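Colleague: Dumping the structure here so I can ask a few things about it.
The values are calculated or read from the model by the stated rules, or taken from the named source; none is laboratory data. If you're wondering where the values come from, they're calculated on a predicted model, not measured in any experiment. Neighbour counts are summed over all protein chains in view; Cβ atoms, including those assigned to glycine, are modelled from backbone coordinates with ideal geometry.
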Amino acid sequence: MALDQSFVGRTYPPTEPYEVGREKIREFAEAVGDANPAYTDAEAAQALGHPDVIAPPTFVFAITFKAAGQVVADPQLGLDYSRVVHGDQKFAYNRPVRAGDRLTVTSTIETVRTMAGNDILDIRGEVHDQNGEHVVTAWTKLVARAAEEA
């Protein structure tokens, strides 16, 4: 069943703050195989003009995807998560994520469409720090595969 178009523009409450730690950044950088010293060495990051270590660009996916869970779990939307695959991800940064940031995410449904029986949902996550400064916008595309015919 196609998702309801009236959900386009619906915004969900901001998440609880996520505190970005140096160790989480280091672990993520190691996991993705990025040896940039700005991710693990505060002095290297400071030499580049940052107050502390910064996170790799895709680090924020972990918190924006979790925030998109508010959309996925909305019983009124009726999304069958057992059929969902992650279709796409993109980011637009105002500044890097830094150790010590306390980030919140506000998710908004940007588009709902059906293509070849698949429901496609685009969710925009606006990420702000503890001072209300906009850090990054993340877009997540979810595809709910069409049910198989019997």
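Colleague: Does region 36-45 contain at least one residue that is in a helix (DSSP H, G or I), surrounded by 15 or more Cβ atoms within 10 Å (Cβ to Cβ), among the hydroxyl-bearing types (Ser, Thr, Tyr) and at pLDDT 95 or above?
Modeller: Yes - at least one qualifying residue is present in region 36-45.
Colleague: A follow-up question, please. For region 140-150, give me each residue that is part of a loop (DSSP other than H, G, I, E, B) and in contact with a strand residue (DSSP E or B) (Cβ under 9 Å, 6 or more places away or on another chain).
Modeller: 145, 146
Colleague: Still on this structure, I have one more. If you go through region 83-104 one residue at a time, do you hit one that is at pLDDT 95 or above, of a type in the set (Val, Ile, Thr) and over 15 Å from the mean Cα position of the chain (by Cα)?
Modeller: no
Colleague: Inside region 127-150, can you point out the residues that are of a type outside the set (A, V, I, L, M) and modelled with pLDDT under 95?
Modeller: If the condition is that a residue be of a type outside the set (A, V, I, L, M) and modelled with pLDDT under 95, then 145, 148, 149 are the ones that fit.
Colleague: Just one of (1) modelled with pLDDT under 95; (2) surrounded by fewer than 14 Cβ atoms within 10 Å (Cβ to Cβ); (3) hydrophobic (A, V, I, L, M, F, W, C) trips up residue 31, so point out which.
Modeller: Here residue 31 meets the rest and fails (1).
Colleague: Within region 63-73, how many residues turn out to be part of a helix (DSSP H, G or I) and without any contact (Cβ under 8 Å) to a residue 24 or more places away in the chain?
Modeller: 1
Colleague: For region 27-44, what are the residues that are among the small types (Gly, Ala, Ser) and touching a Pro at 6+ places or on another chain (Cβ under 8 Å)?
Modeller: Of everything in region 27-44, those that are among the small types (Gly, Ala, Ser) and touching a Pro at 6+ places or on another chain (Cβ under 8 Å) turn out to be 29, 44.
Colleague: Taking only pairs six or more apart or across chains, which ones have beta-carbon atoms under 9 Å, a first residue in region 46-62 that is of a type in the set (Ser, Thr, Tyr), and a second residue that is modelled with pLDDT of 95 or more and in a loop (DSSP other than H, G, I, E, B)?
Modeller: The qualifying pairs are 58/32.
Colleague: Same structure again: Among the residues of region 81-95, what is the count of those that are over 12 Å from residue 121 (Cβ atoms) and in contact with a helix residue (DSSP H, G or I) (Cβ under 8 Å, 6 or more places away or on another chain)?
Modeller: So the count comes out to 3.
Colleague: Within region 60-83, can you find the residues that are under 19 Å from residue 138 (Cβ atoms) and of a type in the set (D, E, K, R)?
Modeller: 66, 74
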